[in-house]
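Inspection log for the structure reproduced underneath, given as C-alpha cells.
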Amino acid sequence: MGQIIQSAFSEALPLIRSRIGVYVVMAILCAIAGLTLPFIPASVVAPADAQNAAGSQVPLRLFVALYASEILGALSIFFILPAAIRTVRPGFKMTLGRLVGLVGLGYGVAIAVMFALVLLVVPAFWLAVKWSQYTWTYLIGEGNDPLDESWHMTTGRFWQTFGFFILVAIVALIPIVIVMGGAVVLAGFVAPMLGVVLVPIAYLGYVFALSFEMLAQMRWMLHLRERAKAAVSTA
C-alpha cells in the first residue's frame with residue numbers, strides 16, 4: 001500500500017509532463033483570470049449564490065482565483081485519466097464510446113449509493129467501497145462486468161481498500177493545501193498583483209494532486225486484480 005502511494009506521488013510530475021501542452025494552455029487561461037484580480041476592489045464580494053454555498057460572504061478576488069483553478073483543474077481530469085492508463089497500457093485511447101460508458105456507469109453507481117444512503121448510512125458506505133474500482137475495471141477491462149469485477153476484487157479487502165483511499169486523500173491534501181490553497185489565499189488577499197502567476201500555480205498544484213490520485217487509484221485496482229487472480233489460482 002505504502003509503495004503504491006509513494007510511487008504514484010513520485011510519478012505524478014512526469015505524468016504532467018507527458019501532456020504539458022494541454023496544461024500550459026490551461027495555465028494561460030488561469031493567468032488571464034489572475035490578470036483581473038488587481039482590478040477587483042477588495043470590498044467586492046462574490047455573487048449571492050456563491051456566498052450561500054460557502055456559508056459566508058466571499059471576496060470576489062478569492063472566488064475568481066479559486067474557481068478558475070478548480071474548474072480548469074476539473075476539466076483536466078479528461079486528460080489526466082487516459083495519461084495515467086497509458087503508463088500501463090501505452091496504446092490506450094479515450095474514445096467517445098468509452099467516455100459515454102464511463103459517465104453512464106458513474107451515474108448508475110451514484111444513484112445506487114444515494115438510494116442506499118436514504119435507507120441507511122452503512123449500506124451506502126459499503127456500496128461505495130465495493131464499487132470504488134469501477135472506473136478502472138471498465139477502462140482497463142478484461143472482458144468482465146466492471147461492477148461485478150470491482151465487487152469481487154474488494155471481497156476480503158474491503159477495509160484495506162477503504163484505508164487506502166483515506167491515505168490517498170490525506171497525501172493529496174499536501175499539494176492542495178500548501179500549493180493550491182496558499183497560492184489562492186495570496187492572490188485573493190495578499191498580492192492580487194501577482195495573480196497572473198499565483199492562479200496558474202494554484203491550478204498546477206491541483207493538477208498534481210489529481211495526477212497522484214489517478215495513478216494511485218489505478219495501481220491499487222491492478223494490485224487488487226492480481227490478488228484476486230492469485231486467490232483463484234490457489235483455490
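What to note about this one:
- Reported label for calculated semi-axes √(5λ) of the Cα gyration tensor in Å given (1) 32, 18, 16; (2) 36, 21, 16; (3) 28, 22, 16: (2)
- For region 127-132, backbone phi angles converted through the Karplus equation (6.51, -1.76, 1.60; θ = phi - 60°) give residue-by-residue couplings of 4, 4, 6, 4, 9, 5 Hz, Gly and Pro being listed as x.
- Cα shape, region 61-175, gyration tensor, a/c 1.5 rule: oblate
- Net charge dipole size for the chain [Lys, Arg +1 and Asp, Glu -1 on Cβ; Debye, nearest 20]: 420
- Amide H contacts of Val45 (H built 1.01 Å from N, under 5 Å, at least 5 apart or other chain): Leu60
- The simple spin-label model puts a point 7 Å past each Cα toward its Cβ; for Lys229 and Val103 those points are separated by 3.2 nm.
- Karplus-derived 3J(HN,Hα) values for region 202-208, using 6.51 cos²θ - 1.76 cosθ + 1.60 with θ = phi - 60°, are 4, 4, 5, x, 5, 5, 4 Hz; glycine and proline are entered as x.
- ³J(HN,Hα), Karplus 6.51/-1.76/1.60, whole Hz, each residue of region 221-230, x for Gly, Pro: 4, 5, 4, 5, 4, 5, 4, 5, 5, 5
- The helix-based estimate of mean residue ellipticity at 222 nm for the chain, built from -39,500 (n - 2.57) per DSSP H run of four or more residues and divided by its residue count, is -24500 deg cm²/dmol to the nearest 500.
- Relative contact order [Cα under 8 Å, 6+ residues apart], region 44-194, whole percent: 24
Taken together, the values in this text are just the output of simple stated rules run on the coordinates, not laboratory data. None of these values were measured; they are calculated from a predicted model. Positions of Cβ are generated from backbone atoms using ideal geometry, with glycine treated the same way; all protein chains shown enter the neighbour counts.
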